[in-house]
1. When all protein chains stay in place, what accessible area (Å², nearest 10, 1.4 Å probe) is found for residue B:218?
2. Taking N as the number of residues in chain A, what is its alpha-carbon radius of gyration divided by 2.2 N^0.38 Å?
3. What's the FRET efficiency of residue B:99 with residue A:88 using the Cβ-Cβ distance as r and R₀ = 60 Å, to the nearest 0.05?
4. Dipole size in debye (nearest 20) for the stretch A:95-234 around its Cα centre, Lys and Arg Cβ +1, Asp and Glu Cβ -1?
5. What number in nm² do you get for the stretch B:102-233 if you take the convex hull of its Cα atoms and divide its surface by four?
6. Sort largest first and round to whole Å: the equivalent ellipsoid semi-axes of the stretch B:1-67, each the square root of five times a Cα gyration tensor eigenvalue.
7. Out of all DSSP beta bridges with both ends in chain B, state the antiparallel percent to the nearest 5.
8. Using θ = phi - 60° and the Karplus curve 6.51 cos²θ - 1.76 cosθ + 1.60, what whole-Hz ³J(HN,Hα) does each residue of the stretch B:177-186 get, with Gly and Pro shown as x?
Amino acid sequence: MDLQSPTDGPPIADMTGQGLTKGLGVFSLGLGLAEVAAPCAIARLIGADERGATPVILRALGAREIAHGIGIFARPRSVWTRLAGDLLDLAFVGWQLGNRRNNRTRLLATVGALLGVGAFDVLAAVRMQRSQFGEPVTSLMTINRSPDEVYARWRDFSRLPDFMRYLESVTVLDDRRSHWVATLGGAPVEWDAEITGDLPGRSIAWRSVTPGIPLRGRVTFDAAPGGRGTEVCVDIRTAPMMKLFTRAEVNGDLRRFKQVLETGEVVASDASSVRGMHAAQPAPEGVVR
Amino acid sequence: MRANCWMGKKDVRVETVPDPRILNQRDAIVRVTSTAICGSDLHLFNGFIPTMEKGDIMGHEFMGEVVEVGREVKNLRPGDRVVVPFPIACGACGACQSQLFSLCENSNPNAWLAEKMMGHSPAGVFGYSHMLGGFAGGQAEYARVPFADVGPLKIPAGLTDEQVLFLSDILPTGYMGAEMCDIQPGQVVAVWGAGPVGQFAIASARMLGAERIIAIDRFPYRLNMAREQAGATDIINYDKVGVREALLELTGGRGPDACIDAVGMEAHGHGIPYAYDRAKQMARIEFERPIALREAILNCKNGGVVSVIGVYGGFIDKFPMGSFMNRSLTMRTGQCHVHRYMKPLLEHIQNGDIDPTFIITHRMSLEDAPVAFDTFLHKEDECMKVVLKA
């Protein structure tokens, strides 16, 4: 089993280009260190003259490469600055091509390699630019009810606020579209969502279509082995600023979902009946939410 | 209403607090007629259980009269007399359907907190910290009982409160401790701790057919009760004699077939090992003082069973894993799945197989709860079990 994508279907995590960007960061660090530590060996490798100013220039390019590597890990979105570095590298190799004593075959191969890396840089930059999503939040819960029953309760979007605490309401507009109202840090947030996948008894996928509110969700329902009901797996992808969907929050939603299905309603204790710190004793009249 | 509240370490006070109300449709409100102080309440009192908050109502052993029920409670009516099991269980989740009621998957609204400390969460428990749900306890005039259609046991007329009150916790807990030993004819069972749970573990081991039952404690009045009332055949006062030597002598050098730890996290002992654990616990480096548990493991017969019903809260040091592994021991443990024992044990009480009232030494008013805690903690006046009348 691939534990990076615990459910079947296309893993949402790969759409951001984050893996590619990190790979390029590692590449920058490795190449930069090699250029700084052994400029003469690098010069021979790419077919340039290892005498004169070449090692000094290679060291400078190496330092730039290291700075890029660090920059990418600090701020992945800075990956597009690698393109400027690629141009500098190409200019250097072009200049070397003018020197007849150099190995033209190796230099041309180097140009090819640089163009290849440049293509990956463009791809990563475009993906990072397009993606508004942070890390996915995944949560799992086994519910002692059949997949059909569990699916049906989730598919009834208008009743999601029963167990998703931050939701004020969900209004179903038609078969595919719905309007969601949530509270984020005391302020209301609203978005329209559309269903992007719906396999009765198996899975539901949806996404926000409101500009500025990036949100994708998917929930799968699998029969648990041994007749133990349904394994529910929720995957939520959203912008890091959408603090509604932390792992703890999504896990709490699932736990309340389980309570609703298995016991009929969300279970309250004396302390949980009131928000915030509260002694385990009945709340005075009027403060129960 | 009036209720006994945890106000901080070694500080409980009877305060006036709001009356409980129905919060879920499967709740009942019970007017508490009798409630007891459990040995595990002393762990809360002494500040060894994390996530207590000032003002928390204590108590998980209680019974009383139903005064109000939620819409979904069909089996109870106002006026019914019930004993309430201390773990809160929904009856519908996988754990409940496997009869593992103290592991109910739905009754702890603070499961995330328990998961952080324990990996997965057990059931919610009345009056036993926020990690176990933040439920108000039963040392009060009234209590809200969630899943009242699953937990509370109706008590037939003709039985007194004192005869049935301990069905809420300590009688089933002691019974489960003995049951987990899987006692065969001719076997020897040793019980560490002759407090109320230890007494009932001894009495249960007797009902389950143990040949020899050895009680281990340091208070003569507790050891005497174990022998004269619970049914222990032998007693060991560890203040007077070495436990190991005594157990070897009583078992022909084999060690007991099964060892029950009815002590838990605040064990007492002697010498440097005890001072070591006490110091570490005070410095909060170690949660527990697992002296009885270590002793139970080291003294158990090769291939024997160690049954742990004493309460532990966190991590222990110097666990004798080498002895445990190399000698093929088995450990069985758990908070009692009270629901599955209540009815059979009620029958045992009705048949006269056991009369649980023998452990009661003190009867006090709810208003005297702080004094009662002090008396129980310091074992003053040969205190074994305090019943509070609300």
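1. So the heavy atoms of residue B:218 present about 70 Å² to solvent.
2. Values: Rg = 27.1 Å, N = 289, 2.2 N^0.38 = 18.9 Å.
My calculation over the Cα atoms of chain A gives 1.43.
3. Details: r = 72 Å, r/R0 = 1.20.
Efficiency for this residue pair is about 0.25.
4. Approximately 1140 debye in magnitude.
5. Result: a mean projected hull area of 10.6 nm².
6. Details: eigenvalues 105, 36, 28 Å².
Semi-axis lengths for the stretch B:1-67 are 23, 13, 12 Å.
7. Working: 32 of 59 bridges.
Percentage antiparallel, nearest 5: 55.
8. My calculation for the stretch B:177-186 gives x, 6, 4, 5, 6, 6, 5, 9, x, x Hz in order.
The values are calculated or read from the model by the stated rules, or taken from the named source; none is laboratory data. Not measured: the values here are computed from a predicted model. Cβ atoms come from the backbone with ideal geometry, glycine included; neighbour counts cover every protein chain shown. When the accessible area is computed, the model is the full protein with side chains, heavy atoms only, and any ligands, DNA or RNA have been set aside. Shrake-Rupley method; radii C 1.70, N 1.55, O 1.52, S 1.80 Å.
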